[in-house]
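Trainee: Pasting in a structure now, in structure tokens, and then I'll have a few things to ask.
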Amino acid sequence: MTHRFRWATVGIAVIAILGIGYGFRTAHYQHHFLSGTKIDGVQVGGQTADQAATTLSAKLANQAYTVTEHQSTLTTFTSRDAGIKAPTTAKLNQLLAKQNAFSWPLHVVSASASDQQLDASAINQADLTQLANQIVAKAGTNRTQTHNAKLIYQDHAFTIKAPVYGSEVSTNSVKAALSKAIERHETTINLKQAYVQPTVLANSKSLVSAKKNSAKTGN
């Protein structure tokens, strides 16, 4: 009986110690990001909102990006050039409040804290536009223009001419490519991703319908 009591006492003591340790770590993670937490692709696990703000500010201010084309470097720029702003301490506190501090043993973090990405509000659009204009200028004008598919009359019949996928770039197409790359934490951007795409394809319903109607009317 004494032996059983002794083991029971030891068991209760162990459980109590584990409970105290669990409670302490849970309280710790009420004010610190859980292990493995990444925000904007930067590791901030174990840091407070203030510490994470400093880490993110330093990382994002010095992040370098490369724009390539045909396996050659066209230009480089920094996050500062693109107008990228690090999340504020207030924003980080909001993310911290959403994580489940009780889940620390499994290193599980809510999606809002574990895989945060830069959104449109984190990028100064005026700076991004200026950067896009500079990239367009470096890309040059000697480029194949993009053309939509269209209905043409050829050899006494109407036919649909396929679109032309050119290599031209525009401020808007470059901005879209840059924004997508930044959101995905990609530091190398292929300019091909910014090529202007045709908006009307050969299988466009309007073109197919127009071709059918032209064939019926003979016009």
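The values are calculated or read from the model by the stated rules, or taken from the named source; none is laboratory data. Because the structure is predicted, anything quoted here is derived from the model rather than measured. Note that each Cβ is placed from the backbone with ideal geometry, even for glycine, and that neighbours are counted across all protein chains shown. Just so you know, the surface numbers come from the protein's heavy atoms only, side chains and all, with ligands and any DNA or RNA stripped out. Shrake-Rupley method; radii C 1.70, N 1.55, O 1.52, S 1.80 Å.
Trainee: If we scan the range 55-77, do we find a residue that is open to solvent by 40 Å² or more (accessible area, probe 1.4 Å), among the polar types (S, T, N, Q) and more than 28 Å from Asn133 (Cα to Cα)?
Mentor: Taking every residue of the range 55-77 in turn, at least one turns out to be open to solvent by 40 Å² or more (accessible area, probe 1.4 Å), among the polar types (S, T, N, Q) and more than 28 Å from Asn133 (Cα to Cα).
Trainee: Among Tyr165, Tyr195, which is the only one that is aromatic (Phe, Trp, Tyr) and surrounded by fewer than 16 Cβ atoms within 10 Å (Cβ to Cβ)?
Mentor: Of the residues listed, the single one that is aromatic (Phe, Trp, Tyr) and surrounded by fewer than 16 Cβ atoms within 10 Å (Cβ to Cβ) is Tyr165.
Trainee: Still on this model: Which condition does Thr188 not pass, out of (1) under 23 Å from Asp40 (Cα atoms); (2) surrounded by 14 or more Cβ atoms within 10 Å (Cβ to Cβ), if it passes all the others?
Mentor: (2)
Trainee: Which one of these is over 16 Å from Lys98 (Cα atoms) and modelled with pLDDT of 85 or more: Thr2, Thr48, Thr55, Thr9?
Mentor: None of the others qualify; the one that does is Thr55.
Trainee: Taking the stated definitions as given, is Ala202 closer than 16 Å to Leu128 by Cα and open to solvent by less than 60 Å² (accessible area, probe 1.4 Å)?
Mentor: no
Trainee: Leu96: in a helix (DSSP H, G or I), open to solvent by less than 70 Å² (accessible area, probe 1.4 Å) and at pLDDT 80 or above, yes or no?
Mentor: yes
Trainee: Another question, then. Would you check which residues across the range 30-45 are surrounded by 15 or more Cβ atoms within 10 Å (Cβ to Cβ), in contact with a Leu (Cβ under 9 Å, 6 or more places away or on another chain) and under 17 Å from Ala97 (Cβ atoms) and list them?
Mentor: If the condition is that a residue be surrounded by 15 or more Cβ atoms within 10 Å (Cβ to Cβ), in contact with a Leu (Cβ under 9 Å, 6 or more places away or on another chain) and under 17 Å from Ala97 (Cβ atoms), then His32, Phe33, Thr37, Ile39, Val44, Gly45 are the ones that fit.
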